[in-house]
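A short worksheet on the structure shown next.
The values are calculated or read from the model by the stated rules, or taken from the named source; none is laboratory data. Values in this document were obtained by computation on a predicted structure and should not be read as measured data. FYI the Cβ positions are ideal-geometry reconstructions off the backbone, even for glycines, and counts take in every protein chain you see. Keep in mind that these areas ignore ligands, DNA and RNA; they rest on the heavy atoms of the full protein, side chains included. Shrake-Rupley method; radii C 1.70, N 1.55, O 1.52, S 1.80 Å.
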Amino acid sequence: MGVLDLAEATLTEAELKTVASDLASLVRQSSRAVAFTGAGISTESGIPDFRSPGGLWTQNKPIPFQAFVASREARAEAWRRKFTMDDSYRGAKPARGHLALAAMIAAGRLHGIITQNIDNLHQEAGLSADHIVEIHGNGTYATCLTCAERYELGWVRQRFEATATAPDCEACGGPVKSATISFGQAMPERQMRRALAWSTDCDLFLAIGSSLVVHPAAGLPVAAKESGARLVILNREPTPLDDLADRVIRADIGTVLEALVKDLGDRPEG
Ligand SMILES: [Zn+2]
């Protein structure tokens, strides 16, 4: 394992070229590469890592799933917090990391992206549903917990602001919740199965911008490694899986991925 810790230093052009060319050669040697992304890829888009100390979660922590289901008051409070959070990063656009991975997918170098993020920025960078698995759901729309009917956030917000209560499903009366996986909520079975299959079938697993501490998500790189894949960890901070990785790169994510795509000769869109 090689740890390249550049988080505290400014990357020189030469260092960046070396890192990018090493990563590019791993990508070229692989026939089925998968990326796994966490909050760190979206910080450049202005979306904070909510779990960080002093982050927005201090005041606007999501309501646990059981409380949401159990009480109408908790549902109203959950929506109030959700809209407060959304207002604080409205208009976030895909960053260099999202665009670089989208370019790699378009060029056929990546099979897909498994993401812990709920911000929809991989899709906004041009990814279709075939190429993404969202293991923590998606925060840009809502669904009925009973019948799975989809609702847009604007629909919820209009009713919430008019009545100060959380709206129920028009089709079945069930609770309507943002389409994310809350604390205490079961992981989405189909997506987890797909994520695990991608992880065990790949020959290169790129873990990008994830602290790799939230389970079961953090089990995916382990599953990939145990199935014989090479593991690359690109994150500003150390992770508990660093010892397992073939490469550990602690550096700015957008800078490294942009340089990787340039080395590969792929063209980022946008
Ligand atoms: Zn319903």
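What is the one condition in (1) more than 15 Å from the chain's Cα centre (by Cα); (2) buried (at least 18 other Cβ atoms within 10 Å of the Cβ) that residue 240 does not satisfy?
(2)
Hey, could you check the range 1-37 for residues that are in contact with a strand residue (DSSP E or B) (Cβ under 7 Å, 6 or more places away or on another chain) and in a loop (DSSP other than H, G, I, E, B) and say which is modelled with the highest pLDDT?
30
Might you let me know whether the range 258-268 holds any residue that is part of a loop (DSSP other than H, G, I, E, B), over 23 Å from residue 106 (Cβ atoms) and out of contact with any strand residue (DSSP E or B) (no Cβ under 6 Å at 6 or more places or on another chain)? Please lay out each step first, then the result.
Of the range 258-268, the ones part of a loop (DSSP other than H, G, I, E, B) are 265-268.
If we keep only those that are over 23 Å from residue 106 (Cβ atoms) as well, we get none.
No, the range 258-268 has no match at all.
Check the range 138-161 and report whether any residue there is touching a residue at least 40 places away in the same chain (Cβ under 8 Å), away from the ligand (no atom under 16 Å from the Cβ) and closer than 27 Å to residue 219 by Cα. Spell out how you get there, then give the answer.
Going through the range 138-161, the residues touching a residue at least 40 places away in the same chain (Cβ under 8 Å) turn out to be 138-139, 145, 153, 156-157, 160.
Add one more test, that the residue is away from the ligand (no atom under 16 Å from the Cβ), and what stays is 138-139, 153, 157, 160.
Filter again for closer than 27 Å to residue 219 by Cα, leaving 138-139.
Yes, because at least one residue in the range 138-161 is touching a residue at least 40 places away in the same chain (Cβ under 8 Å), away from the ligand (no atom under 16 Å from the Cβ) and closer than 27 Å to residue 219 by Cα.
Could you please find all residues in the range 226-237 being open to solvent by less than 60 Å² (accessible area, probe 1.4 Å) and closer than 17 Å to residue 27 by Cβ?
Residues satisfying the conditions are 229, 231, 232, 233, 234.
Quick one: in the range 50-74, which of the residues that are closer than 11 Å to residue 85 by Cα and in a helix (DSSP H, G or I) is modelled with the lowest pLDDT?
57
Checking residue 127 against (1) assigned to a loop (DSSP other than H, G, I, E, B); (2) of a type in the set (A, V, I, L, M); (3) within 16 Å of the ligand (Cβ to nearest atom), only one condition comes out false. Which one?
Tallying (1) assigned to a loop (DSSP other than H, G, I, E, B); (2) of a type in the set (A, V, I, L, M); (3) within 16 Å of the ligand (Cβ to nearest atom), residue 127 fails exactly one: (3).
Can you give me the number of residues within the range 165-211 that are assigned to a loop (DSSP other than H, G, I, E, B), more than 16 Å from the ligand (Cβ to nearest atom) and surrounded by fewer than 17 Cβ atoms within 10 Å (Cβ to Cβ)?
Keep residues of the range 165-211 that are assigned to a loop (DSSP other than H, G, I, E, B), which gives 165-167, 169-174, 181-188, 202-203, 209-211.
Subsequent filtering for residues that are more than 16 Å from the ligand (Cβ to nearest atom) retains 165, 181-188, 202-203, 209-211.
Of the ones still in play, those that are also surrounded by fewer than 17 Cβ atoms within 10 Å (Cβ to Cβ) are 165, 183-184, 186-187.
Matching residues across the range 165-211 total 5.
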